Every structure is written in structure tokens, then in C-alpha cells.
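**Student:** Okay, handing you the structure first.
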Amino acid sequence: MATAPKNRFSQDERRRNADHVSFLKHKKFRWLWIALLLCIVSGLGYVMIDQEPRPNGGTWYGYTLGTIGVGLIVWLSLLGIRKRKMTTGQWSLKAWTSAHVYLGLALIVVGTLHTGFQIGWNVHTLAYVLMLIVIITGIYGVIVYATLPSTLSSNRKELTRAQMLEALTALDRQLESAAQPLDRDKSDAVISALGQNVFYGGALARLTGAYPGCATKRALKNFPEHDGSDGAEERVRSLLTKRADQLAQIRRHLRIRALLEVWLFIHIPATIALLAALLAHVVSVFYYW
Amino acid sequence: MAFLIRTIDFTAAGREIVRDRTLDQNEVSIGRATENDIHLPDLAVEQRHVRLKDVGGGMLAIESVGGLGFGIDGRTETSVEIDPNIGAELSLGSSRLAISRDGDEPVQIVIKQVEKDEGAGDALAGFALASALPSKRIMAWTFTALILVLLLSVPIFTHLTRSPVENDPENLAQGQVAFDSTWSAGDLSMAHHDLEDNCEACHAAPFVSVQDETCLTCHEELGDHAEMPRLAEGMAPLSTGDSIQWQIAETLGKEGPLGCVSCHSEHEGQVVLEAASEQFCSDCHNELDTRLSNAAFGNASDFGKKHPQFRPQFYTAHFDEEPTRVSLDQTVNEMSGLIFPHDIHMAENGGAARMAMSLGEYGGPLECSNCHEEEEDGVGFAPVEMEAACESCHSLVFDRDGPNFRSLRHGDVDDLMADLATMDRGPRTAVVSGRNRPGHFARGGAYYSNFGRPMSAYIAINRALEPTGVCGECHIPTSTNGRRDLTPVNLPDRFLMGGYFDHAAHGDEVAECTDCHATETSDAATDLLIPNLESCRDCHLGETAAKTEEITPSSCAMCHGYHTPTMPWRPDDHPDLPGNGGNDSVAAILSSLRR
């Protein structure tokens, strides 16, 4: 058939486009427009519909927004299940992720209008605040996923993670033998540097890149530069400097990884907590109707 | 440059075997082929893999021969220069070649075989943030469990297992349900503030909306606006959205748009009950006659534009038992049974004024307040008492009793008759006064006592009850069963029954009495001096009217109450707090424009 190759081309072109377009730009921002439309419609409804005695979650419009909101939240949280089943086509994972991001953003408007701007220390506001935390961490996640991976690869300098560790091990082996002629306290400094776990430091240290208890840095203070020391000390000093540099590279990697991943440690637990708070919110509202 | 090659191997028992050899040359080749200076029997190593070369200045160049990279300090390179004095570790396959030099001694190359690191995969896991934080799953389940237990299960369980208490406004009970304050969507209004920790006082049954009967356990004396079926009949049709919501809500047990809570919504913060808006009333009253054909009152939507004429109640005929409500649009004659021309009393230079000026207690022309005394609540006026208000001028003195004067008792014709019958028959003057000559007694030389019939008293009684007599000055004579009598005075306690007028709010600075009550031109007591609708509109227009020096925008609630039609809606305290209504959102404005 004469038209077959042409069809094939456009089909392939579609697939190529689909493969290389970010989920944010998926289908020419289709879900962004849908989300914007949802925001505008909700906002107009809020402004145009007279809610007696004042707008809140208990008016008919409030219930409508609440129903939309709860539906969105449940669907958005299903991404965790959906992403484990990859498919293509109309509801590809990319389409799903695109909708997840933009509808999640629209939820700020829908949820806030549902509150009627009534905030308090109660289970209802808890659900709202959890929702905001989930959305804000999600926004953070999109931003870091868009910006940080390039710094991650530039920091690697063509080293894999295993090679970074291997480099450190190599330095450690050299330090071990280079430190043989040293006296007691200098040897102890080297031992403490070698003994400290490469992943020493908690989540906060990873996120900030500040390791005040770094043993390598402390050991280096025992080997001042150009103090006329003998060759062994000079060698240990330069090896420790190399070790510190290698550690710094690993820690930069850890920092970027931590910045890339930290939002999920809030996003996911907060989502599950939000589902629980939502259940408590809905049940309590109708229990004490 | 010399190289010291030291090979370290391990026996099966773990013992080290160290072999040293020295190569005195500037270049060392490393590879799998046996002709290399350093021969590494490892398939991962090329036949001729790497060349070490002295490049002068103590530096050593390491270059790949076949183009395949080598490991140097963990990195993979194909060409690198190192300082042996600092040292480096060359990695080829499973061999590690530690290169070092001590001063001018030969470059030492120590060759060791390393085991493949079994733990490498585990070590890589350390790069993930998960190794430094609690697991997402544990955090998620912890939060979920806390929320579901504390914020859902505990309140439900304690609500279901409580022993219900009858509400008593005088002695409010403590709430028994734990943690249900976390369910409160907002503070209660000031009136219900004491119920803040007693949710079940209103939320009695689970999944049942707050019922009117629960409200009425405390508010039992509160009046209905109208009987329920009429209220429902007169109600304005609901908007589509509202009607759908109420259909759903009523299916689920809500009491409909006429239930207490549909107007008195709670949990809106610490607000005070605020007067309903004009819109709230006009929703139903604007076209009420289209739904209620037999309403006793006209439609109303805006005091300035659509409000029925006042219909005060008063006595329209003498001897009526009950007052009648008559519209001020008709010609009205009040038959109070009194004769009282206001104009004569109010004139500033008539006889009444002259008389008042001559009396110490007035000291000037008469003013309204000389006779009409405001009640303490500032709303109404006390009934006029003849003795206090009129008697200074309209004396009831009829006789003299020694140094004192005797006054007629006022209020009952029988009393009047009894008093007048004693006229001139009271304690007489002294039988002997001064120095009378013997034989002279009282007037005319007669003995004083007159034991005959008191003719003069009867004449006085008849005269008093005649139109020109002392009673006839203010009262209309009549006869009852052939006996002279006076027409009973019929004045209602209150004229306007469907609304409310606050005299205090119209005090001296706002208006004079005569601005509203046409006393100066009224020459007969039959004039009803209640101002009509039009005269109120001189100052009061509807809620939406623009406020000016003269015009006060006035909503329905200024004169009418919903539950208490004859009482105003009045805030009792907390004047600083925001009200519960006052929806001035764009939506409310648009909605009022649509209507």
C-alpha cells in the first residue's frame, strides 16, 4: 500500500516525540490546561455562587468541591500503584504522571476553596495542611528532578558510585602502608580517619553537606603543611588530602541524592497520613452532622 | 630509575609469600603476556596493558598500551602522571599495584591480589537517602495509626459508650466524648460558647444532623415566626443548587431549610448573633401574597420602596372591649373617651402656657415630658396619671378641711360621688370662735348642725358630671342605668403591635416629639397622633439606601424580630465581636443583583 510507509513514519514520529518529551510538556501541556480550567471553574463558582451564611465546606458548593477534592486525592495517590505497572498509549505512565502533577497543583485551589478559608486546630485543617505538605513537596520534587540530575552527573566526573568507593578503598590501603613509620598519636589520627564509615553523618549532614565530626578532616590537622616533616608524614598528609577530596566528592553526590530524594520521605508518608486524615475528616463531619 | 617489584601472594593456609626483584630501567611494562616486566595472569588484563615510564622530575607516567583503561586510585584512566613520592594505586583486573617511593630510593611496586568485594552492592545502598532516614512505610503507617486512633476511633468509641444527659441550660454538663474537640470545624458563637467542650449536647446521635427538638430543649420558649405549614407555604422557592442539596440532605435526615440550623449555622467562630439581612426577609415577604393568599399583611421588601402602611391598634368606638387595627391610609378617629386638645396645651403663649409659667413645677410653657414619662427601657411611655400630669392645673379640690384642702379621688365615679356627698359636711368650724357674746351660736344664730338631706351635695355631683362640670372638662358624660356616668377611657398600652419603635434611639439630638407627633395642630383627642409610614421614610429608607446626613439605611431587623415580631432583634453583649452574617462577598452582591 502506497500510504503505508507514510503512516509508519508519522506513527514512528509520534512515538519518538512521545519518548523524548518531558512529562511536564506531555501532549502540549494537555493536563496543565485541564488543571487550569478546573481552577478557573472552581474559582468562578466560589465567587458567583452565594453560599449562606458564608462559604465553607458545608454548603452545597462546599460539598461539591470536597467531593472533587477527595476524588482527586485518592486518584493522585494511586500513582504509587500505577507507576509499578508500565504501559503505553492513551494512559501511559507519562500521561498519568503529567496529570498527577497538574491536577495535584489544581488541588491547591479546589482544597482551599473547599475550606472557605476557615482554618483551625482540628482534623479538617490537619487534612488540609497534610494535603498542602504533599503538594508542596511534590512541587519541590518536580523542580529538583528537573534541575539536579545534571549536577549529579557533573559531580561524578565519569566515576560510578562503586568506583568512588573503590577509590576511597585504594587510598585507604595506601594510607595504611604509608602511615607505618608514624608515631602513636599520628597513627591514631589515621586509624580514626580510616575507621570512620564513608557514609558517616545523618540525613541532615547529607542535606547540608556539613560534617563537623569528619575524622579525615580532623586527622589532617595533625599533619600541618610544610613543617619540615619527613617524607612519611608528607605522604600521609597528601594521601589524607586526597581522601578528603574523594570524600567530598562522595558527599556532594550524597547531598544531591539526598536533595533529590528527601521530598519523597515527606510526600509518601504525608500522602498516606492524608488519606487517613481524609477518612477521619469525612467520617467526623457526618458523624457530628 | 630503578623499580622494586614486590609480589605478595597468599598460601592456601593464609600465609604471605613475598617475592622481591629489582628492575633497573626507565620503563616497566605490565600485562598478561609473559614477556612483560610484570606479568599478571588474569584474563581481565590485556596482553600488553600498561606501561610505566619515568618522565623526569621524579614523576612517573602510566599509559595504556592497547587503549583499554586501567584503574588509578579508583578512577579509570588511559593515561596519567603520578608522583611516586605521594603514591598511587594501580588496579588491573584483580591485582592492585601500590606504587610508592621513599626519597631517592627505587620506586616500589607492591602487587597484591584482591578478592572480589562481595559487599559492594550493599555498600552502594549507602548512597541512597533511605539509609539515613526511617523507612517511608514505617512513617506512613505510624502517622496513619495515630490519626485513625486518636482522631477517629477514640471520639467515636467514647461517643457510643457515653451515658446521654438531658440538656439543662441552667446547669450545663461536661462533655463525655474524648478528643471530639478535634472535630470542631470552628469556635461556637458567643451564645453557645459554654457548649464548646460538650459537642454531644447538640450532636446527639451519630450521623444524624442537629435536630430542632435538641435546640428546643433549651430554647423552648422561643416563638415561631409562623405555624410550620404556613411557613413552608410562604417560603420562597429554592435555587436549583439549594433544592438539590436539600433533597439530598432531607433524604439523609436533615430537617430542611426551615430547621433551626439552616439559619443558625454554628462553628463560624466566636461571633454574636447578628440581625438578619433585608434580603433574608424579602426572600419570602416580597411576593408573599402569591404563595399565601390569606396573609393579614401586605408584601414588603424594602422599607423605602415596598412596605405596607402602619396599622396601629386603638379603640375606634366608645365602649369597645378590644382595640382594632386600622391602616393609617384610612381616616382614623380614636375614641379614647377623653377630651384633650393637644394644641391648647402645647401652644407657647396661650392660657395653658401662662398657667404653667405661673406654677413652680413647670416654670414655662408645657412640654411633652411634663405629662408623658418615658419608661426606663427607653422604648415606650408610662400611662399618663391624671394626678401627676393634669392636676396641677385641673384641680380636683372641692372642699376645705381646716388648713388642708380636700381633693376628689380620681378614677372611679363612685369615689367621686362619695367624696362630693361629704362636701360641707366635714368637720365644721369651731362652735365658739373668739369672744362671741352669749346667745350667739353659729351663722344665723342657729345651732351649727344641719341634719337635713344633703341637697347641696347632690347638686354638686350632678353639676360635676355635666359636660360643663369638672369631670366634663376631660371626660365625656354619659349615663349608665339612668345614673350619670362617664365614658370609660380606652387607651391601648401599645399602638404598633407588629413592629417596634425605640423612642430612646430617637432622643433629643435626633428629633423633637413634635417632629413626628402633630401635637401642635391637633385640636381633638380623636386625632391619632401615631406617625404614618411616609413620615418615617423622611429619615428611614431600605437597607440598600445610601447613608446621608438625613437618611438612615434601615433593614427590617431595626423594627422587626424573626422569632419575636413585637420585639426587635437586639444584640445584648459583645458589641466588639464580629457578627455571624454580613456576607459581603462578591457572590452575595451578585446574588442580590440577580434577585
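The values are calculated or read from the model by the stated rules, or taken from the named source; none is laboratory data. Keep in mind the model is a prediction, meaning the values are calculated, not measured. Because the Cβ atoms are built from the backbone with ideal geometry, glycine has one as well, and the counts that use them run over all protein chains shown.
**Student:** If I filter region B:90-119 down to residues being more than 8 Å from chain A (Cβ to nearest Cβ) and hydrophobic (A, V, I, L, M, F, W, C), which single residue comes out as farthest from the chain's Cα centre (by Cα)?
**Tutor:** Filtering first and then ranking leaves B:V107.
**Student:** Something else: How do the helices (runs of 4 or more DSSP H) wholly within region B:182-280 filter down when requiring 1 or more residues that are in contact with a Gly (Cβ under 6 Å, 6 or more places away or on another chain) and more than 29 Å from A:W121 (Cβ to Cβ): which remain? Even if it seems obvious, please write down each step before you answer.
**Tutor:** On the way: elements: B:212-216, B:228-234, B:240-251, B:260-263.
Counting at least 1 such residues, we get B:212-216, B:240-251.
**Student:** Residue check, B:I17 against (1) within 21 Å of B:G93 (Cα to Cα); (2) buried (at least 17 other Cβ atoms within 10 Å of the Cβ); (3) touching an Asp or Glu at 6+ places or on another chain (Cβ under 6 Å), all met but one. Which one?
**Tutor:** So B:I17 meets the others, but not (2).
**Student:** What residue, of A:A193, A:A232, is at the interface with chain B (Cβ under 9 Å from one of its Cβ atoms), more than 22 Å from the chain's Cα centre (by Cα) and touching a residue at least 24 places away in the same chain (Cβ under 8 Å)?
**Tutor:** A:A232
**Student:** Please count how many residues of region B:131-175 are crowded, with 16+ Cβ neighbours inside 10 Å, part of a loop (DSSP other than H, G, I, E, B) and either hydroxyl-bearing (S, T, Y) or at pLDDT 85 or above (or both).
**Tutor:** The total comes to 1.
**Student:** Find all pairs meeting these conditions: Cβ atoms under 6 angstrom apart; at least six residues apart or on different chains; first residue within region B:218-231 and more than 24 Å from B:A201 (Cβ to Cβ); second residue in a loop (DSSP other than H, G, I, E, B).
**Tutor:** These pairs meet every condition: B:H225/B:Y562; B:L231/B:L258.
To keep it simple, each residue is scored yes or no on (1) crowded, with 21+ Cβ neighbours inside 10 Å; (2) within 10 Å of another protein chain (Cβ to nearest Cβ); (3) within 18 Å of B:S243 (Cα to Cα); (4) without any contact (Cβ under 8 Å) to a residue 40 or more places away in the chain.
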| residue | (1), (2), (3), (4) |
| --- | --- |
| A:I49 | no, yes, yes, yes |
| A:L65 | yes, no, yes, no |
| A:G71 | no, no, no, yes |
| A:S77 | no, no, no, no |
| A:R84 | no, no, no, yes |
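**Student:** Hand me the list of helices (runs of 4 or more DSSP H) wholly inside region A:37-126 holding 1 or more residues that are under 22 Å from B:L152 (Cβ atoms).
**Tutor:** A:60-77, A:93-115
Condition check ((1) within 29 Å of B:Y458 (Cβ to Cβ); (2) under 52 Å from the mean Cα position of the chain (by Cα)) across all residues:
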{"position": "B:T316", "(1), (2)": "no, yes"}
{"position": "B:D377", "(1), (2)": "no, yes"}
{"position": "B:R406", "(1), (2)": "yes, no"}
{"position": "B:G411", "(1), (2)": "yes, yes"}
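**Student:** Then there is this: Would you confirm, using the coordinates I've provided, whether A:L259 is modelled with pLDDT of 90 or more, over 17 Å from the mean Cα position of the chain (by Cα) and in a helix (DSSP H, G or I)?
**Tutor:** Against the criterion (modelled with pLDDT of 90 or more, over 17 Å from the mean Cα position of the chain (by Cα) and in a helix (DSSP H, G or I)), A:L259 does not qualify.
Every residue, every condition in (1) of a type outside the set (A, V, I, L, M, F, W, C); (2) under 27 Å from B:V110 (Cβ atoms); (3) in the same structural domain as A:G141 (by TED's automatic domain parsing), yes or no:
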{"site": "A:D188", "(1), (2), (3)": "yes, yes, no"}
{"site": "A:A203", "(1), (2), (3)": "no, no, no"}
{"site": "A:C214", "(1), (2), (3)": "no, no, no"}
{"site": "A:E233", "(1), (2), (3)": "yes, yes, no"}
{"site": "A:T241", "(1), (2), (3)": "yes, yes, no"}
{"site": "A:A244", "(1), (2), (3)": "no, yes, no"}
{"site": "A:I250", "(1), (2), (3)": "no, yes, no"}
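**Student:** Would you pick out the residues in region A:147-189 that are under 16 Å from A:E234 (Cα atoms), assigned to a helix (DSSP H, G or I), within 14 Å of chain B (Cβ to nearest Cβ) and free of Cβ contacts under 8 Å to residues at least 60 places away in the same chain?
**Tutor:** Across region A:147-189, the qualifying residues are A:E176, A:S177.
**Student:** May I pose another question? Evaluate the following for B:G360: is it among the small types (G, A, S), surrounded by fewer than 17 Cβ atoms within 10 Å (Cβ to Cβ) and touching a residue at least 60 places away in the same chain (Cβ under 8 Å)?
**Tutor:** When the stated conditions are applied, B:G360 does not pass them.
**Student:** Can you find a residue that is surrounded by 12 or more Cβ atoms within 10 Å (Cβ to Cβ), more than 48 Å from the chain's Cα centre (by Cα), within 19 Å of B:A525 (Cα to Cα) and not acidic (D, E) anywhere in region B:392-401?
**Tutor:** Yes.
**Student:** Would you check if there is a residue in region B:344-356 being under 41 Å from the mean Cα position of the chain (by Cα) and surrounded by 13 or more Cβ atoms within 10 Å (Cβ to Cβ)? Can you show your working first?
**Tutor:** The initial filter retains those residues of region B:344-356 that are under 41 Å from the mean Cα position of the chain (by Cα), namely none.
No, region B:344-356 contains no residue that is under 41 Å from the mean Cα position of the chain (by Cα) and surrounded by 13 or more Cβ atoms within 10 Å (Cβ to Cβ).
Yes/no matrix, rows are residues, columns are (1) more than 27 Å from A:A179 (Cβ to Cβ); (2) in contact with a Pro (Cβ under 6 Å, 6 or more places away or on another chain); (3) free of Cβ contacts under 8 Å to residues at least 40 places away in the same chain; (4) small (G, A, S):
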| site | (1), (2), (3), (4) |
| --- | --- |
| B:L60 | no, yes, no, no |
| B:S64 | yes, no, yes, yes |
| B:L68 | yes, no, yes, no |
| B:D83 | no, no, yes, no |
| B:A88 | no, no, yes, yes |
| B:L92 | no, no, no, no |
| B:R96 | no, no, yes, no |
| B:V107 | no, yes, no, no |
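**Student:** What number of residues within region A:239-271 are within 30 Å of A:Y63 (Cβ to Cβ) and without any contact (Cβ under 8 Å) to a residue 12 or more places away in the chain?
**Tutor:** Total satisfying the criteria: 1.
**Student:** Quick one: is B:A317 at pLDDT 85 or above and hydrophobic (A, V, I, L, M, F, W, C)?
**Tutor:** Spelling it out, B:A317 is indeed at pLDDT 85 or above and hydrophobic (A, V, I, L, M, F, W, C).
**Student:** Would you point out which residue out of A:V134, A:V144, A:V123 is touching a Leu at 6+ places or on another chain (Cβ under 7 Å) and within 11 Å of another protein chain (Cβ to nearest Cβ)? Steps first, answer last, please.
**Tutor:** Values: A:V134 fails: within 11 Å of another protein chain (Cβ to nearest Cβ); A:V144 fails: within 11 Å of another protein chain (Cβ to nearest Cβ).
Answer to the check: A:V123.
**Student:** If you scan region B:194-231, which residues turn out to be aliphatic (A, V, I, L, M) and away from chain A (no Cβ under 14 Å)? Step through it out loud before you land on a result.
**Tutor:** Let us first name the residues in region B:194-231 that are aliphatic (A, V, I, L, M), namely B:195, B:201, B:204-205, B:208, B:210, B:216, B:222, B:226, B:228, B:231.
Residues satisfying the conditions are B:L216, B:L222, B:A226, B:M228, B:L231.
**Student:** I need a count of the residues in region A:246-289 that are more than 8 Å from chain B (Cβ to nearest Cβ) and among the acidic types (D, E).
**Tutor:** 0
**Student:** Considering B:G87, B:G58, which residue is closer than 24 Å to A:M164 by Cα, within 14 Å of chain A (Cβ to nearest Cβ) and modelled with pLDDT under 85?
**Tutor:** So the residue among B:G87, B:G58 that is closer than 24 Å to A:M164 by Cα, within 14 Å of chain A (Cβ to nearest Cβ) and modelled with pLDDT under 85 is B:G87.
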